[in-house]
Amino acid sequence: MSPTKTNHTDPNWREKYHDMLATPAQAVKKIKPGQRVFIGTGCAEPVPLVQALTDRAHELTDVEIIQLLAKGDAPYANRQLTDCFTVNSFFIGTAIREHIQEGLGDYTPVLLSDIPRLFSSGQLPLDVVMIQVTPPDSRGLVSLGISVDIVKSATENGSLVIAQVNSQMPRTLGDSFIDIYDLDLLVEVNMPILEREQSEATPETLQIGEHIASLVEDGSTVEFGIGRIPHAVIDFLKDKKDLGIHTELLTDSIIPLIESGAVNGRRKSSDRGKIVGTFCMGSQRLYDFIDDNPLFCFRPTEYVNDSHVISRQFKMVAINMALEVDLTGQVCADSLGSHFFSGIGGQVDFNRGAARSTGGKAIIALESTAKHGEISRIVTQLTPGAGVVTTRGEVHYIVTEFGIAYLHGKSVQERAMALISIAHPKFREQLLREAIEIHYLRKEMTEVEGHFMVAAQEMKTTMLLDDGTQVTFRPVHPTDEHSMRDLVYALSQETLYYRFMTHKPKFSHSQIQNFVYIDHRRDVAIVGTVPEAHGEDIVSVGRYYLDPKTNRAEVAFVIRDDWQNRGIGKFLFRHLVNLAKRSGIAGFDAEVLKDNRRMQTIFNHSGFRVKSRLEEDVYSFQIDL
């Protein structure tokens with residue numbers, strides 16, 4: 001819970017600053033035709049001032065409205081008022097989206113970290129700044145409350161600053177204070193702050209959230225970008241330890257994460273013990289929670305979004321959204337084709353910072369389809385007119401409800417296969433054919449059509465080794481081709497002989513493909529993986545092949561030599577047994593060399609009825625399930 005609040009308001013502030021007080025109508029009377037007017041961000045928008053300005057429309061022409069994100073009704077964005085007001089936004093919210101898409105307003109694509117310099121350098125001079133603040137304290141300081149972001153820079157660089165003083169504005173701590181004499185006019189109000197309802201999670205966003213949470217290690221510092229997917233992650237982070245927060249946007253979902261004890265900022269490299277944000281949008285509960293709460297540190301965009309500052313955090317995890325991703329890894333996040341939809345925001349800032357962080361992860365998330373499943377968001381080529389926000393050279397993780405693709409440092413062919421594997425199943429074959437047609441993939445990849453099957457979630461499990469290492473067992477993916485090649489060529493001659501009955505480590509490309517392209521409706525292949533800096537390594541493979549005529553399956557598995565004698569083989573076999581039993585398979589058959597005593601021991605001590613016969617130094621096992 002947030003601490004007990006202290007009233008910091010100077011009770012005599014009205015008398016002290018009487019000469020600065022004005023009504024909304026009096027304040028906006030100072031605005032002249034042709035001026036550039038900045039409006040405070042999101043839920044901190046000074047609504048009465050905005051309405052008073054709009055009411056003066058008949059007296060004004062060519063007033064340019066500058067804003068980061070409109071959360072109010074945006075009455076100035078009216079087609080009847082286009083001669084009076086021109087909207088120029090750095091991020092496109094619902095209130096002005098149609099206005100801009102119809103060409104009645106404008107969108108300035110720019111990194112969020114760069115916007116303050118537009119103001120301070122004079123490249124985008126601000127004639128009037130309209131913001132909302134707390135009442136002043138005894139030192140004459142007002143807090144910018146729930147919106148510090150680019151508002152502080154705008155306030156410091158505006159020629160005329162009109163501040164709506166609202167006793168219901170939360171007092172946020174950090175670099176959020178302005179001297180009252182840096183303001184020109186004060187408009188007192190006492191009214192609720194705008195609220196923003198949190199989007200309901202869908203099964204798809206929850207699955208994406210679970211995938212992303214698996215990438216967040218204890219001790220990580222996390223950024224949650226704008227959108228429902230980043231905040232679906234929070235439900236799956238409550239069991240984590242020592243998390244920190246360094247993010248642009250704070251929402252209601254942060255409260256239960258804090259209350260769970262998962263967030264304490266103890267292992268942050270800077271701002272230790274503090275939740276750092278730049279603005280928040282949510283309910284009154286959130287505003288009450290952050291009010292005068294020393295756990296929170298609100299800082300302006302030029303600090304929060306500085307990729308160098310971000311990169312200094314240990315294990316920085318950035319979670320942002322995409323609208324579309326092509327098979328080379330180009331991320332479109334601000335437009336639907338040629339129709340501008342949102343904005344660049346802080347995606348690039350945080351993606352770059354997290355990528356340079358020690359142990360950091362830069363994650364882009366998106367649902368696999370749009371328009372109720374009619375179109376794929378993973379595409380062979382971006383829709384004409386779509387803008388690239390995160391380039392193919394800077395992309396790292398892409399996550400959909402169907403899995404995680406790690407792209408950084410991978411070839412175009414590896415990227416294409418990885419992304420096809422996490423696309424919606426009904427679009428995978430189409431994407432594969434298109435990728436072959438434009439030569440992202442080799443022609444022989446036509447042979448794997450029909451093998452992009454969805455493996456059931458129950459096929460995934462984990463085991464903890466005696467030294468604390470966690471081995472994850474999951475279905476093999478088409479993207480495992482490179483790792484599978486590394487595994488088979490790393491096997492000793494003995495292990496190679498026991499598994500493949502050959503001493504020669506020579507495998508054709510088609511053989512490697514056969515290891516990773518599995519029809520999970522009939523056969524099963526499970527890989528055991530351990531985390532590495534580049535993603536993961538495969539240390540074991542278990543597989544069975546079903547004969548539908550007998551309802552029995554041939555089983556085989558192999559463990560990399562340096563991971564043998566640690567219980568992995570026994571665990572993997574038991575997992576394969578469980579999967580086979582769920583599918584109603586009657587039993588396993590296996591061929592084992594006489595000298596392979598480890599495998600024989602696993603089968604003979606499985607707890608099932610086992611029959612075996614020896615013929616020419618090979619044991620034939622029959623295991624009834």
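Quick notes on this one:
- Within the range 36-50, the set of residues being in a strand (DSSP E or B) and not aliphatic (A, V, I, L, M) comprises R36, F38, G42.
- Test: residue in the range 523-530 that is on the phi > 0 side of the Ramachandran plot and in the same structural domain as L614 (by TED's automatic domain parsing): no
- Within the range 539-625, strands (runs of 3 or more DSSP E) holding 1 or more residues that are under 23 Å from V516 (Cβ atoms) and of a type outside the set (A, V, I, L, M): 552-559, 587-593
Residue-wise test of (1) in contact with a helix residue (DSSP H, G or I) (Cβ under 9 Å, 6 or more places away or on another chain); (2) aliphatic (A, V, I, L, M); (3) surrounded by fewer than 24 Cβ atoms within 10 Å (Cβ to Cβ).
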| position | (1), (2), (3) |
| --- | --- |
| M281 | no, yes, no |
| R285 | yes, no, yes |
| F296 | yes, no, no |
| T301 | yes, no, no |
| D306 | yes, no, yes |
| F314 | no, no, yes |
| V317 | yes, yes, no |
| M321 | yes, yes, yes |
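- Residue in the range 10-19 that is within 37 Å of the chain's Cα centre (by Cα) and either modelled with pLDDT of 95 or more or of a type in the set (D, E, K, R) (or both) present: no
- Residues (of a type in the set (F, W, Y) and either more than 48 Å from the chain's Cα centre (by Cα) or not assigned by TED's automatic domain parsing to the domain that holds R566 (or both)) located in the range 595-620: Y619
- Filtered residue count, the range 490-504, keeping only those that are closer than 15 Å to V541 by Cβ and either polar (S, T, N, Q) or modelled with pLDDT under 85 (or both): 5
- Residue count for the range 140-182, restricted to those that are part of a loop (DSSP other than H, G, I, E, B) and crowded, with 23+ Cβ neighbours inside 10 Å: 12
- Extreme residue, farthest from H339 (Cα to Cα), among residues of the range 79-123 that are assigned to a loop (DSSP other than H, G, I, E, B), polar (S, T, N, Q) and out of contact with any helix residue (DSSP H, G or I) (no Cβ under 8 Å at 6 or more places or on another chain): S121
- Answer from R117, R97, R171, R79 - the residue that is in contact with an Asp or Glu (Cβ under 6 Å, 6 or more places away or on another chain) and at negative phi: R171
- Subset of the range 529-538 [out of contact with any Phe, Trp or Tyr (no Cβ under 7 Å at 6 or more places or on another chain), part of a strand (DSSP E or B) and not charged (D, E, K, R)]: T529, V530, P531, I538
- Selection status of L53, in the same structural domain as M169 (by TED's automatic domain parsing) and closer than 14 Å to I31 by Cα: yes
- Residues satisfying the stated conditions in the range 225-276, i.e. in contact (Cβ under 8 Å) with a residue 24 or more places away in the chain and in a strand (DSSP E or B): L243, G244, I245, H246, L249, L250, I275, V276
The values are calculated or read from the model by the stated rules, or taken from the named source; none is laboratory data. Keep in mind that what you see is a predicted model, and the values were worked out from it rather than measured. Because the Cβ atoms are built from the backbone with ideal geometry, glycine has one as well, and the counts that use them run over all protein chains shown.
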